[in-house]
Amino acid sequence: MPVYTKEIVVIAPGKATAEFTQQIESALRESGLSEGTVTVFCCHTSCSLVIMENADPSARRDLEGFIDRLVPENDPHFTHTYEGPDDMPSHIKMALTRTAEVIPFVHRRLCLGTWQGVFLWEHRQRSHQRRIVLSFQGE
């Protein structure tokens, strides 16, 4: 089964979600494959991936607010704070969420629902460039 791998960079604006569905679709076209799966993998420990509503940004803001309340900054029990108060919370948020997603594609199109998009979920306060590996398998 043919495999096509591509590394992309997603710029995360700081603590927020950044959609990059179109970059995955573009790489799918480059792959020449028409049916199979793509594994989307985030190469970092302080951000994660989420497939989420892409029509109304308030859904993502609610999710972001929920996880911030679940894992607040400045918890006095955290010892891993070398890079600031968002250091350990960002690692916990990553561990509670996902760093990889597998998405099927058929007829050269991702099988996402009408309102679904693929997002990098940055858990750190400042902007970062994040490496994402796309691995397509199919025919």
- [ ] Estimate the FRET efficiency between Glu139 and Ser58 by the formula 1/(1 + (r/R0)^6), using the beta-carbon distance for r and 30 Å for R0, to the nearest 0.05.
- [x] 0.15
Task: 3J(HN,Hα) from dihedral phi, segment 48-53, Karplus parametrisation 6.51/-1.76/1.60, rounded to Hz, x for glycine, proline - done: 8, 10, 8, 9, 8, 4
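Please work out the ratio of the alpha-carbon Rg of the chain to 2.2 N^0.38 Å and round it to two decimals.
Values: Rg = 16.0 Å, N = 139, 2.2 N^0.38 = 14.3 Å.
For the chain, the normalised Cα radius of gyration is 1.12.
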TODO: Taking amide H positions as placed in the peptide plane 1.01 Å from N, state which residues far from Thr99 in sequence (5 or more) or on other chains have amide H under 5 Å from it.
DONE: Leu49
Task: 3J(HN,Hα) from dihedral phi, segment 68-76, Karplus parametrisation 6.51/-1.76/1.60, rounded to Hz, x for glycine, proline - done: 5, 6, 5, 10, x, 6, 6, 5, x
Open item on the list: Given the options Trp121, Ala16, Val106, identify the residue whose Cα lies farthest towards the positive end of the charge dipole of the chain (+1 on Cβ of Lys, Arg; -1 on Cβ of Asp, Glu).
Closed with: Val106
Task: Relative contact order of the chain, pairs being alpha-carbon contacts under 8 Å that are 6 or more residues apart, as % - done: 56
Open item on the list: Counting each pair of different Cα atoms once, what's the Kirkwood radius of segment 85-139 in Å, rounded to one decimal?
Closed with: 13.9
Open item on the list: Less than 11 Å Cβ to Cβ from Glu25, Lys/Arg counted +1 and Asp/Glu -1: what total charge do the surrounding residues give?
Closed with: +2
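Given +1 on the Cβ of Lys and Arg, -1 on the Cβ of Asp and Glu, and no further charges, what dipole in debye does segment 3-138 carry about its Cα centre, rounded to the nearest 20?
300
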- [ ] Just add up the charged neighbours of Phe78: K/R +1, D/E -1, any other residue whose Cβ is under 13 Å from the Cβ of Phe78.
- [x] -4
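Counting only other residues whose beta carbon sits under 9 Å from that of Lys15, what net charge do I get with K and R as +1, D and E as -1?
Details: positive: Arg124, Arg126; negative: Glu64, Asp68, Asp86, Glu122.
Value of the local net charge: -2.
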- [ ] Would you mind ranking Phe105, Phe66 by Cβ crowding within 10 Å, fewest neighbours first?
- [x] Phe66, Phe105
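Here, each number is a calculation from the coordinates, and none is a lab measurement. Quick caveat, the model's predicted, so the values are computed rather than measured. Positions of Cβ are backbone-derived with ideal geometry, glycine not excepted, and every protein chain shown enters the neighbour counts.
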